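The values are calculated or read from the model by the stated rules, or taken from the named source; none is laboratory data. Not measured: the values here are computed from a predicted model. For neighbour counting, all protein chains shown are included, and Cβ atoms are generated from backbone atoms with ideal geometry for every residue, glycine included. Just the protein is used for accessible areas: all its heavy atoms, side chains included, with ligands, DNA and RNA removed. Shrake-Rupley method; radii C 1.70, N 1.55, O 1.52, S 1.80 Å.
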Amino acid sequence: MTRKPLVAGNWKMNGVASETRRLISLMKNELETLHNKVDIVICPPFTSLESAYYALGQSSTVVLGAQNLYFQAGGAYTGEISASMIKEFCSYVIIGHSERRTLLSESNDDINLKIQAALNSGLKVILCVGEDETARDNGTATVWVEKQLREGLKNIGNIANINITYEPIWAIGSGRAASGNDAQEMAFFIRKTLSSLYGKETQNTRILYGGSVKPENIDQFLQQADIDGALVGGASLQAQSFTDIVNKAAGQ
Ligand code: PGA
């Protein structure tokens, strides 16, 4: 089974629109030469999505993702953004990032509603799961991740448009990435859990690794049988490091 790798850059809360245009103009041409071998998604803040969309151009093979959405279709929800608003500019949406789970108390039930809203609008999902340091240390990481998967995907009948990212919380922004073996072990566990829910279709599901990914360590993840790319935070804010990571993913 060959799964096309996916590399997504999660810009988090960084960059005004002019910086978005500048960063995209630095990377666009090189990234577009790689699209046959790797799917490339850039996830700027909401306020930069339109600028990013026009900076890439409508026929670009690099596509955009949002970092979140609200599950309601529209109405009196001050400050929220719906799936159809995102769909104007984006093909993907990140759901369940640990920063939102932790800082904003997003629950698996919230995440489940968001996944349903995204899929109903035709967006592809990047669902983030991953344990904290205590769970890793006391050996309950798989229990933690299994609960996130089963509750987050409850009543979701089809996994074709869902990508999973394994992002251990202790590895995010810490400079302390997981080892390739530990990431593979969890990616294998994730695929096994998904296959108990979705059967053979799961062989097509892309599972990414995220957490302190850099050009220097991406190979250790891409070499693993069950890892199909990366969700990159800090290193996606530099044109050189992001294009280096995508080049490595294209070369696998
Ligand atoms: P990082 O972030 O690469 O800066 O660790 C990854 C993420 O949170 O998606």
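Data overview
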| read-out | value |
| --- | --- |
| Members of region 1-47 that are touching a helix residue (DSSP H, G or I) at 6+ places or on another chain (Cβ under 7 Å), among the small types (Gly, Ala, Ser) and without any contact (Cβ under 8 Å) to a residue 60 or more places away in the chain | Ala17, Ser25 |
| Residue match in region 167-184 (condition: at pLDDT 95 or above, in contact with a helix residue (DSSP H, G or I) (Cβ under 7 Å, 6 or more places away or on another chain) and farther than 14 Å from Gly211 by Cβ) | no |
| Residue match in region 186-197 (condition: within 11 Å of the ligand (Cβ to nearest atom), closer than 22 Å to Arg136 by Cβ and modelled with pLDDT of 95 or more) | no |
| Qualifying residue in region 81-99 (condition: hydroxyl-bearing (Ser, Thr, Tyr), more than 16 Å from the ligand (Cβ to nearest atom), farther than 17 Å from Ile164 by Cα and out of contact with any Pro (no Cβ under 8 Å at 6 or more places or on another chain)) | yes |
| Condition met for Leu197 (in contact with a Leu (Cβ under 7 Å, 6 or more places away or on another chain) and open to solvent by 10 Å² or more (accessible area, probe 1.4 Å)) | yes |
| Subset of region 129-184 (residues that are open to solvent by 10 Å² or more (accessible area, probe 1.4 Å), within 11 Å of the ligand (Cβ to nearest atom) and either charged (D, E, K, R) or not in a loop (DSSP other than H, G, I, E, B) (or both)) | Glu167, Ile169, Trp170, Arg176 |
| Whichever residue in region 100-128 is open to solvent by 60 Å² or more (accessible area, probe 1.4 Å) and outside any helix (DSSP H, G or I) and, among such residues, is nearest to the ligand (Cβ to nearest atom) | Leu104 |
| Residue check, Ser48 more than 15 Å from the ligand (Cβ to nearest atom), open to solvent by less than 40 Å² (accessible area, probe 1.4 Å) and outside any loop (DSSP other than H, G, I, E, B) | yes |
| Check on Ala178, touching a residue at least 12 places away in the same chain (Cβ under 8 Å), over 24 Å from Leu113 (Cα atoms) and touching a Pro at 6+ places or on another chain (Cβ under 8 Å) | yes |
| Out of Phe89, Phe71, sole residue that is more than 23 Å from Pro5 (Cα to Cα), in contact with a helix residue (DSSP H, G or I) (Cβ under 6 Å, 6 or more places away or on another chain) and in contact (Cβ under 8 Å) with a residue 24 or more places away in the chain | Phe71 |
| Unique residue being among the basic types (Lys, Arg) and farther than 21 Å from Ser82 by Cβ when the list is Lys147, Lys114 | Lys147 |
| Number of positions in region 205-243 that are more than 14 Å from the ligand (Cβ to nearest atom) and either in a strand (DSSP E or B) or over 12 Å from the mean Cα position of the chain (by Cα) (or both) | 13 |
| Within region 82-96, tally of residues that are open to solvent by less than 10 Å² (accessible area, probe 1.4 Å) and assigned to a loop (DSSP other than H, G, I, E, B) | 2 |
| Neighbours by Cβ (under 8 Å, 6+ apart or cross-chain): first from region 101-127, free of Cβ contacts under 8 Å to residues at least 60 places away in the same chain; second open to solvent by 20 Å² or more (accessible area, probe 1.4 Å) and among the aliphatic types (A, V, I, L, M) | Ala117/Ala73; Val125/Leu119 |
